[in-house]
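Okay, structure first, notes after.
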């Protein structure tokens, strides 16, 4: 019969993951020894929780995508208009950006099945937000889930040297929402002609 994880073991694991996040955000190639030093534990303790560096990185990615999924599901549970739901998702992503380690934020791409399952659920949830906005006519019909995820990734992580990132990102979010609001959509043919017009 398997035992439930001890509370101190769970706390140590979270401590290691938090230290790994800080370290890998500075240097994605950082070795296990440096991560252990940042966590204030021995390398042996690190390997008791994670069999190798790849296992640690995957655990950090699964933890991050789980946080995003929880956020998406919380936003989905509120019956606000589509454009307000997308605003809430983007704003909350900025709040949690420093806690995320995902491929769009510089983490390596992973094929881990647990990560892939959670990531798929994130895409499906954000797709529902976009569909809601298109259906209630608050979002333009050509907006895609990919547009929202890419933009969210761009504003989630603070730019170096910007101290008031939440305010700066909030301004960019409002610009994005103005562009994707139903009333600002351009006919696709016109948009293509403008994009390729000589400048």
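Just so it is clear, none of the values below were taken in a lab; they were calculated from the coordinates. All values reported here derive from a predicted model rather than from experimental measurement. Counting neighbours? That spans all protein chains shown, and the Cβs are built from the backbone with ideal geometry, glycine included.
Packing, as the average of other Cβ atoms within 10 Å across residues, places the peptides 157-165, 60-68 in the order 60-68, 157-165, highest first. At an R0 of 22 angstrom, the distance between the Cβ atoms of residue 67 and residue 88 translates into a FRET efficiency of 0.90.
The angle between the Cα long axis of helix 113-135 and the main principal axis of the chain comes to about 20°, on a 0 to 90 degree scale.
Relative to the dominant Cα principal axis of the chain, helix 7-26 is inclined by about 60°. Report, to the nearest 10°, how far helix 165-180 tilts away from the longest principal axis of the Cα atoms in the chain, using its own Cα long axis and a range of 0 to 90°. Relative to the chain, helix 165-180 is tipped by roughly 40 degrees.
Here, the stretch 95-161 has an Rg and a Dmax of 13.8, 40 Å when only alpha carbons are counted. Each peptide in 41-52, 15-26, 141-152 receives the mean, over its residues, of other Cβ atoms within 10 Å, and ordering these scores from highest gives 15-26, 141-152, 41-52. Taking other Cβ atoms within 10 Å as a rough exposure proxy, 126, 173 sort from fewest to most as 173, 126. In percent, what relative contact order does the chain have, based on Cα pairs under 8 Å that are 6 or more apart in sequence? The value is 20 percent. Take the Cα of residue 51, go 7 Å toward its beta carbon, and the backbone nitrogen atoms of the stretch 95-122 under 16 Å from that spot belong to 111-115. Residues 98, 77, ranked from the fewest to the most other C-beta atoms within 10 Å, line up as 77, 98. Counting neighbouring beta carbons within 10 Å and listing from fewest to most, the residues 167, 55 come out as 167, 55. How high is the FRET efficiency from residue 150 to residue 79, r the C-beta distance, R0 30 Å, rounded to 0.05? Working from the Cβ atoms, E equals 0.70. Once the Cβ-Cβ distance of residue 141 and residue 163 is raised to the sixth power relative to R0 = 41 Å, the FRET efficiency obtained is 0.60.
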